[in-house]
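Everything below concerns the one structure shown next.
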Amino acid sequence: MEEKIASPKKYIPVVYPGQKKGDKKITYSIEKNNHFVIHDRRLSGQQEFFENATIGYFVFDANECVIWINQYLLDFLGYPPFEFIGKPAKDFFLEKTKFATLVKRLKKQQILNNFEITMTCKNGTQKHVFMNSYARFENDTFKYARNYIQDITEKQQKVTELSNTNTRITRILESISDGFMSLNTDRRYVYVNSKAEKLLKIKRSKLVGKQVEEIFPGLSQSPKYKKYLEQIKNKKSITFEEYFAGLGTWFSISIYPSDDGLTIYFQDVSERQKAIEVLVESERQFRQLTETIPQIVWTSNTKGELVYCNSRWYEYTGYGVDKPVSDKVWNSFIHPDDLEHSTVKWVDSFKSGKAYQIEYRLKRLDGVYHWFLERAIPITNHKGKIIKWFGTCTDIDDQKQMEKRKEEFMGIASHELKTPITTIKAFTQILERHLEQTHDSRALGYLSKMHNQLNKLTKLVYDLLDISKISTGKLQLNTEAFSIDDLITETQEAMQQISNHHTIVKEGVAKCIIFADKYRIEQVLENLITNAIKYSPKSDKIILKVDADTDEVIISVTDFGIGIAQEKQKKIFEQFYRVEDSEKAGFPGLGLGLYISQEIVKRHHGKMWLESSKGKGSTFYFSLPTHSSL
């Protein structure tokens, strides 16, 4: 029997007793020949139940078109009823083939439970659902299928997220350079990454499910292994290195226990172990070598802390061999007057990472201080990173005593020579006046030559006096304010008078007043111009240039002579240094002028340097501060 309800619409809401018209909990159905046909009264009678249920519900007929849907499912998918009722059911499913499979199974009178499929919402989003479906047949003919929809989107998302997370974790574990293994509480392998497979030289398939002791039977007899098991039992993470004789490999192993079992990371450290062995042997040979040399040898770590001294230190100081030598202990043997300077020098060098050299006095076991030359260099690895410092201390006390006696001799000799030279110069002047009256031109010529030699001897004596004063710290500076331009002009004119072959060209104007020892600055200029003239015999031009800014004035003297080779420029300002060169063999001098000049400039808080090329001449520069509190 059929129940007919007249309706002017293509689909109508069905209202049951107890429901108010307009209630949202209504079921939409399709009309047939202007009448809504309910084929099964049981279907109609359960309508109210479907509307109160928190699941979606719809019915499709033998043509697979939707003939009934509840409001819950419409709200769930976001469709109005007229876009759903009467439409092919497959249009609302993403996987058409999967839906066809569902229909095919229903028509074979199968009941489907938790059939997982994806529905498409009106706004284009997708919903993962379980469908529980069964079909109604009359006389073995498929009439319609009832379908209950349960939303599993959130659950599916979590499953997907978990799956993605597991995939990412697995990808990470497969890409790391460490071997990785996961064991359960029975110490059976649960997961082994590809790196572990390669390191252990065992296929994963032969490891998973097996106990560690099955794979490595010798472990159960190892005292170390038993100790590790005890730590793991107490949930203590451990890291250790172990040699696996069967593999011929050293492994660094980290084990992290948990309630679920063990997580193990390990890596091949055989190369590192070999490097350590080489390093240990190298250290042994190094210490053996340091014991054969007469110098004190020490090393410090990257923090600047002493870590080693050879036996020469203990022999010299008498400090106990069995006692560690700290920085504090070392400093206690340095002369109090040298301690601050040596400490500052070491700290500066340590911070800059540059080698250093210093002279100071160390106390011997009998309480006598000896002068030592200490040199230290940073030791770097292949990346240029400092890994330690290496230093030596050489006893130079005999050399210092010799230098002291030499300086004393030079001081005494120069003073002793100064008086007779002054007397000789006085007599030559008297003799010169007498010969001028007698018009003895030949004798005057000889006297002129003698006068020139006396001037050279006088300069040498004064240079020796300056060396003595510099060495003893007694070089006095009589400072005053004066125009540097005026001094340069005066010096240029004076030097031009005694130079017949070279033209001294002045360039630039400083236009500033400096506060310095005018006599000593003039001495520097004369030394540089004299050298320029001396070492450019084939040239006829010397350039005297000055330039200034707000902080300093820079003066330079350029010649176009024989020049100085690059490798010999570093020592050019050293005391008594003369370039050993066949071209310079014919040039007299003791190598004092540049040393004295540089010391004078230094004491004025300036600096001196040069630029030179072999065969192309030289330019010597020096700078002076425009304002100074000397």
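The values are calculated or read from the model by the stated rules, or taken from the named source; none is laboratory data. Remember, it's a predicted structure, so these values are computed and weren't measured experimentally. Because the Cβ atoms are built from the backbone with ideal geometry, glycine has one as well, and the counts that use them run over all protein chains shown. When the accessible area is computed, the model is the full protein with side chains, heavy atoms only, and any ligands, DNA or RNA have been set aside. Shrake-Rupley method; radii C 1.70, N 1.55, O 1.52, S 1.80 Å.
Which of the residues spanning region 491-549 are among the small types (Gly, Ala, Ser) and under 16 Å from PRO625 (Cα atoms)? Listed by number, the residues that qualify are ALA510, ALA516, ALA548.
Do we have GLN288 as touching a Cys at 6+ places or on another chain (Cβ under 8 Å) and more than 30 Å from LYS235 (Cβ to Cβ) here? Against the criterion (touching a Cys at 6+ places or on another chain (Cβ under 8 Å) and more than 30 Å from LYS235 (Cβ to Cβ)), GLN288 does not qualify. Taken together, PHE266, PHE240 contain a single residue that is modelled with pLDDT under 85 and either part of a strand (DSSP E or B) or touching a Lys or Arg at 6+ places or on another chain (Cβ under 8 Å) (or both), which is PHE240. As a summary of the residue check, LEU106 satisfies the conditions (1) out of contact with any helix residue (DSSP H, G or I) (no Cβ under 8 Å at 6 or more places or on another chain); (2) open to solvent by 50 Å² or more (accessible area, probe 1.4 Å); (3) among the hydrophobic types (A, V, I, L, M, F, W, C) except for the one numbered (2).
The rows are residues; the columns are (1) of a type outside the set (D, E, K, R); (2) free of Cβ contacts under 8 Å to residues at least 60 places away in the same chain.
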position	(1), (2)
LYS98	no, yes
LYS104	no, yes
ILE117	yes, yes
SER133	yes, yes
PHE137	yes, yes
ARG146	no, no
LYS158	no, yes
LEU173	yes, yes
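Looking only at residues of region 292-333 that are aliphatic (A, V, I, L, M) and out of contact with any Ser or Thr (no Cβ under 6 Å at 6 or more places or on another chain), we find that the one that is farthest from TRP389 (Cα to Cα) is VAL321. Inside region 247-287, residues that are open to solvent by 80 Å² or more (accessible area, probe 1.4 Å) and among the hydrophobic types (A, V, I, L, M, F, W, C) make up a count of 3. Residues in region 65-78 that are surrounded by 18 or more Cβ atoms within 10 Å (Cβ to Cβ), of a type outside the set (Val, Ile, Thr) and over 21 Å from GLN156 (Cβ atoms): TRP68, ASN70, GLN71, LEU74.
Region 434-545 holds helices (runs of 4 or more DSSP H) entirely within its bounds, and those carrying 2 or more residues that are open to solvent by less than 20 Å² (accessible area, probe 1.4 Å) and modelled with pLDDT of 90 or more map to 484-498, 518-534. Scanning region 342-378 for residues that are surrounded by 13 or more Cβ atoms within 10 Å (Cβ to Cβ) and β-branched (Val, Ile, Thr) yields a total of 3. Exactly one residue among ILE596, ILE572 is modelled with pLDDT under 90 and in contact with a strand residue (DSSP E or B) (Cβ under 9 Å, 6 or more places away or on another chain), and that residue is ILE572.
Residues of region 98-128 that are of a type in the set (Ser, Thr, Tyr) and assigned to a loop (DSSP other than H, G, I, E, B): THR125 alone. Scanning region 125-142 for residues that are touching a Phe, Trp or Tyr at 6+ places or on another chain (Cβ under 7 Å) and farther than 24 Å from ASP75 by Cβ returns ALA135, ARG136. Looking at GLY391, GLY411, just one residue is small (Gly, Ala, Ser) and modelled with pLDDT of 70 or more, and that residue is GLY391.
Looking at LYS518, is it in contact with a Phe, Trp or Tyr (Cβ under 6 Å, 6 or more places away or on another chain) and under 23 Å from THR458 (Cβ atoms)? Judged against the criteria, LYS518 is a match.
Residue count for region 180-222, restricted to those that are open to solvent by 50 Å² or more (accessible area, probe 1.4 Å) and of a type in the set (A, V, I, L, M, F, W, C): 2. Of all the residues in region 323-360, those that are hydroxyl-bearing (Ser, Thr, Tyr), over 32 Å from the mean Cα position of the chain (by Cα) and more than 17 Å from LEU373 (Cα to Cα) number 1.
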